[in-house]
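Trainee: What follows is a single structure, and I will ask about it in a moment.
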Amino acid sequence: MTALLEVVGLTAHYGDFQALFGVDLSLEAGETVAIIGANGAGKSTLMRAITGVARVTGGCVRLCGEAIDTLGAPDILVRGIAMVPEGRCLFPSLTVEKISGSAPMPARAAAIGGWSASTTSFRSCARPERPGTALSGGQQQMVAIAGR
Ligand SMILES: Nc1ncnc2c1ncn2[C@@H]1O[C@H](COP(=O)(O)OP(=O)(O)OP(=O)(O)O)[C@@H](O)[C@H]1O
Ligand SMILES: [Mg+2]
């Protein structure tokens, strides 16, 4: 069976500095994978490489069998892969509904209240009219995910 996401021998550089040395990863539909490592080990760089933000210099990334490591970040984004940064980066002037308005229905519904998606662990009591920043830390993170 073709993996949903497959990373094979991935290397990435910042200029001359090599940050990733042949990373392998396989993710099936419905599976959650945690990347654990010391500060500076390359976790964020791996996410940046998968999402097309960091320069991939070797190996490949496949989404449902399609090589995406040669695509730019916008083309990877429209295929459904996005990175939610550690900082939530929500604007206080935007409500929960505005932030999550363009998100796919399951994520949006989860963010704006009371609905638990079977394919995710989203669960929120966030009210849609509230500013995104007027929520608990975890609820803000859910809204940030829905807005990506
Ligand atoms: N923009 C950059 N330019 C040059 N080197 C970078 C850049 N970003 C990260 N690095 C270097 O690449 C390596 C991997 O960094 P990365 O940010 O991927 O680590 P990390 O595992 O996410 O760390 P942390 O747990 O601290 O977030 C580190 O040695 C880091 O100093
Ligand atoms: Mg990091």
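Trainee: State all residues of the stretch 1-21 that are outside any loop (DSSP other than H, G, I, E, B), more than 11 Å from Arg55 (Cα to Cα) and under 21 Å from the mean Cα position of the chain (by Cα); if no residue qualifies, say none.
Mentor: Leu5, Glu6, Val7, Val8, Gly9
Trainee: Here is a further query. Tally time: how many residues in the stretch 2-35 are loosely packed, with under 10 Cβ neighbours inside 10 Å and in contact with a helix residue (DSSP H, G or I) (Cβ under 8 Å, 6 or more places away or on another chain)?
Mentor: Qualifying residue count, the stretch 2-35: 0.
Trainee: Whether any residue in the stretch 57-70 is hydrophobic (A, V, I, L, M, F, W, C), part of a loop (DSSP other than H, G, I, E, B) and surrounded by fewer than 15 Cβ atoms within 10 Å (Cβ to Cβ) is what I want to check.
Mentor: Yes.
Trainee: Something else about it: Pick out the one residue from Ala41, Ala49 that is part of a loop (DSSP other than H, G, I, E, B), surrounded by 13 or more Cβ atoms within 10 Å (Cβ to Cβ) and within 11 Å of ligand 1 (Cβ to nearest atom).
Mentor: Unique residue meeting the criteria: Ala41.
Trainee: State the number of residues belonging to the stretch 24-45 that are in contact with a strand residue (DSSP E or B) (Cβ under 6 Å, 6 or more places away or on another chain), closer than 23 Å to Pro74 by Cα and among the aliphatic types (A, V, I, L, M).
Mentor: Qualifying residue count, the stretch 24-45: 2.
Trainee: Of all residues in the stretch 1-25, count the ones that are modelled with pLDDT under 95, closer than 15 Å to Ala67 by Cβ and either of a type in the set (Ser, Thr, Tyr) or in contact with a Lys or Arg (Cβ under 8 Å, 6 or more places away or on another chain) (or both).
Mentor: So the count comes out to 2.
Trainee: Residue by residue through the stretch 22-38, note down the ones that are of a type in the set (S, T, N, Q) and not in a strand (DSSP E or B).
Mentor: Matches in the stretch 22-38: Thr32 only.
Trainee: Additional query: Just one of Ala29, Ala73 is more than 16 Å from ligand 2 (Cβ to nearest atom), touching a Leu at 6+ places or on another chain (Cβ under 9 Å) and of a type outside the set (Phe, Trp, Tyr); which is it?
Mentor: Only one candidate passes the filter, namely Ala29.
Trainee: When you scan the stretch 42-53, do you find a residue that is within 16 Å of ligand 2 (Cβ to nearest atom) and touching a Gly at 6+ places or on another chain (Cβ under 7 Å), even just one?
Mentor: So far as the stretch 42-53 goes, yes, one or more of its residues are within 16 Å of ligand 2 (Cβ to nearest atom) and touching a Gly at 6+ places or on another chain (Cβ under 7 Å).
Trainee: Could you pull out the residue among Ala54, Ala34 that is of a type in the set (A, V, I, L, M, F, W, C), within 14 Å of Leu10 (Cβ to Cβ) and assigned by TED's automatic domain parsing to the domain that holds Ala12?
Mentor: The match here is Ala54.
The values are calculated or read from the model by the stated rules, or taken from the named source; none is laboratory data. The model shown is predicted, which means the values in this text are computed figures rather than measured ones. Note: ideal-geometry Cβ built from the backbone for every residue, glycine included; neighbour counts use all protein chains shown.
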